[in-house]
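The structure under discussion appears below in the form of structure tokens.
None of the figures in this text is laboratory data; all of them are computed from the coordinates on show. Since we're looking at a predicted model, the values are computed, not measured. Cβ atoms come from the backbone with ideal geometry, glycine included; neighbour counts cover every protein chain shown.
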There are 2 protein chains.
Amino acid sequence: MSTRLDLTQDVGALTALIVDVESVSGHEKELADAVEEALRTLPHLTVDRDGDSIVARTGLGRAERVVIAGHLDTVPLAGNLPSRVEGDLLYGCGTSDMKAGVAVALKLAAALQAPSRDVTYVFYDCEEIEAERNGLLRLSRSHPDWLAGDFAVLMEPTDGMIEGGCQGTLRAQIITRGKRAHSARSWFGVNAVHAAQPVLEILNAYEARLPVVDGLEYHEGLNAVAITGGVAGNVIPDECVVTVNYRFAPDLSLEDAQAHVSEVFRGFEVRFTDGAPAARPGLNHPVAAAFVDAVGGEPRAKLGWTDVSLFSSLGVPAVNYGPGDPNLAHQQGEFVSLEKIADCERGMLDWLA
Amino acid sequence: MSTRLDLTQDVGALTALIVDVESVSGHEKELADAVEEALRTLPHLTVDRDGDSIVARTGLGRAERVVIAGHLDTVPLAGNLPSRVEGDLLYGCGTSDMKAGVAVALKLAAALQAPSRDVTYVFYDCEEIEAERNGLLRLSRSHPDWLAGDFAVLMEPTDGMIEGGCQGTLRAQIITRGKRAHSARSWFGVNAVHAAQPVLEILNAYEARLPVVDGLEYHEGLNAVAITGGVAGNVIPDECVVTVNYRFAPDLSLEDAQAHVSEVFRGFEVRFTDGAPAARPGLNHPVAAAFVDAVGGEPRAKLGWTDVSLFSSLGVPAVNYGPGDPNLAHQQGEFVSLEKIADCERGMLDWLA
């Protein structure tokens, strides 16, 4: 089946049309084909494709270039297609996260034949699954030049708020060790689970920072996300592993964050298992200030980790801004307000027209 | 293949012969057949069989009856058969645990045509695997009368020491609960792993009892044997389970022990998962005193749980006493001292002749 996307129709109707093209992660081809075909009819854009990611760019020689990005994939269906409209609300898988944002970006791509800044539109695959398959990550490695710009807007659901930057994340194992023994003669052993008590004390006593970075207040957190220990029901455990997750504000690099965790758990064996850097909101850049003026509202800090960090790693400050409600993402009853989609389109047009 | 056991030969040679009949748990038939056949040639014994468990009894109308028991099975082979002798040591799978004891019991069965007490010899299957398949447990349910007596000696490896009774064991889950949240916004959740800190504090502060029961000093223990919690790497855990193992002295019933654990963890959710009662040493009984006099040495408390508890549940006080070294049980290099086997046989003959 081939779908034709008519980019002249109303943004709400376009959202519904896109929602009805199933595009669960790894199965974005049909939607990517449709997006590519629609964009290739627009003479003011240069269109490139890498797998199921499509990049379209104006080349007007403007002083600034902005990137508008969104992922094409959704989480698995939950009996919530086809879409349906009730009053102002459009229901269906991917409505909020984030085909409404994709529809706005496509509308802008068609409407802005001579935008005030050069614009790069990025539609990518595999955002909802393991990071290594993420289409934006792939582009950042294979074609970083396609993603170049002075500022990026990732149209993830933010309920129409500007969410600046993102917090970083790292996981570390805090390991306590002991000595096995039969539990009937436990005094011949050393209990590694008992030895984890001070690790939990440190976590309970930890006071999270709320630093202000580029004018936005972040909220850190250091938490156990897992604990495991035990050999058998009659054996004193010789190892206990507390896995902690540190969410850190963008005034720290990943290395700073690791050093902090090492310091907090000084004296314990600490093993870092994964991590992703934070991204500064970049709202002090003139093009960002113009964006904030155009779309309105008070920017807030993005606490979760998002793909804005990938832009940040390429030197492109980025924000999240989209019409969907983030609290509805990944829910069976996911919906989006048609009015909010239109508001979002209007704000973006004001900024770039 | 059918094996003939000559019960007139030296106890060390008999041990070697029995060791060389493979009898890994569940595969005791060949050895059980040989034991049954040898015992049926002895006119002073009544022989019964249940599966691969053999029970042989004198019926002399003596004032007291003692039970001498041992299991026929071994842990899996580890390239340690056939047996071999080096100096005083007999090497091979099951030498220490517990075919040396089985050989002593078979020698007694043949030699004691008119013992001073009536004697019941019990040779059973499946001791080394899950409790529910244990042959002695099966007999205690199907033929408790076969196991009746005033005192029992379980010829498990004790290095020639008398080990009285056994400690009980129970396992309980101490559960803390919280509320899930995304770890990027952890303050919306309640961390159940952090909430386990006081559980570990209680365990670290716990002082184990060393009670004296029937003249023997026991040594209790309360220990975490497992801890588990965690949903995903980015989720605040809503449950943490600390599994504790309480090893308790025979002055407590299983119910007493459960009440103690509930009291220690008062205020926490406590779920008992399994338990087995302790057994009193019963050394205050005259027949036991005569046994101690005959075999010599200072009786000590048995700390691990053993099948003496099954005798205890039938109202038969029981001790562990055998020639093997318990520290060698289940090891690839398992061996037994031929001299100790002979000492053990001599002590038992002194007691019962």
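Below is a table of values for the structure above.
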{"quantity": "Local electrostatic count, residue A:146, Cβ distance below 9 Å [Lys/Arg +1, Asp/Glu -1]", "calculated": "-2"}
{"quantity": "Set of aspartates and glutamates with alpha-carbon distance to residue B:179 below 14 Å, sequence-local pairs under 8 removed", "calculated": "B:238, B:239"}
{"quantity": "10 Å Cβ neighbours from other chains, averaged over peptide B:213-226", "calculated": "5"}
{"quantity": "In order through the range A:153-164: 3J(HN,Hα) via Karplus (6.51 cos²θ - 1.76 cosθ + 1.60), integer Hz, x for Gly, Pro", "calculated": "10, 9, 8, 5, x, 9, 6, x, 9, 8, 10, x"}
{"quantity": "The protein assembly as shown, Cα convex hull volume normalised per residue, Å³", "calculated": "199 Å³"}
{"quantity": "Ascending count of other beta-carbon atoms within 10 Å, so fewest first, for A:262, A:309, B:140", "calculated": "A:262, B:140, A:309"}
{"quantity": "Ellipticity estimate at 222 nm from DSSP helix runs (n ≥ 4, -39,500 (n - 2.57)) divided over the protein assembly as shown, nearest 500", "calculated": "-7500 deg cm²/dmol"}
{"quantity": "Set A:99/A:340; A:29/A:99; B:107/B:302; B:107/B:340; A:107/A:340; B:99/B:340 screened for pairs whose C-alpha atoms are more than 19 Å apart", "calculated": "B:107/B:302"}
{"quantity": "Placed amide H near residue B:301: partners under 5 Å, 5+ positions off or other chain", "calculated": "B:164, B:217"}
{"quantity": "Fewest-first sequence of B:86, B:163, A:30 by Cβ atoms within 10 Å of each Cβ", "calculated": "B:86, A:30, B:163"}
{"quantity": "Residues A:238, A:20, sorted so that the one with the fewest Cβ neighbours within 10 Å comes first", "calculated": "A:20, A:238"}
{"quantity": "Phi-based couplings in Hz for the range B:174-180 (Karplus 6.51, -1.76, 1.60; Gly and Pro marked x)", "calculated": "9, 10, 10, 10, x, 9, 5"}
{"quantity": "Net charge, residue A:351 excluded, C-beta distance under 12 Å - Lys, Arg +1, Asp, Glu -1", "calculated": "-2"}
{"quantity": "Share antiparallel - DSSP beta bridges, chain B, percent rounded to 5", "calculated": "75 percent"}
{"quantity": "Tensor-based shape of the range A:280-353 (alpha-carbon gyration tensor, a/c under 1.5 rounded, otherwise prolate or oblate)", "calculated": "oblate"}
{"quantity": "Three principal axis lengths of chain B [C-alpha, angstrom, descending]", "calculated": "79, 44, 39"}
{"quantity": "Peptide-level mean, for B:245-257, of C-beta atoms on other protein chains within 10 Å", "calculated": "1"}
{"quantity": "Within-9-Å neighbourhood charge of residue A:170 [Cβ basis; K, R +1; D, E -1]", "calculated": "+1"}
{"quantity": "Amide proton proximity set for residue B:74, modelled H, under 5 Å, gap of 5+", "calculated": "B:23, B:24, B:25"}
{"quantity": "Descending Cα extents along the principal axes, the range B:74-148, whole Å", "calculated": "41, 35, 12"}
{"quantity": "Percent of beta bridges antiparallel (DSSP, the protein assembly as shown, rounded to nearest 5)", "calculated": "75 percent"}
{"quantity": "Between the range A:175-253 and the range A:93-172, the Cα center-to-center distance that results, in Å", "calculated": "35 Å"}
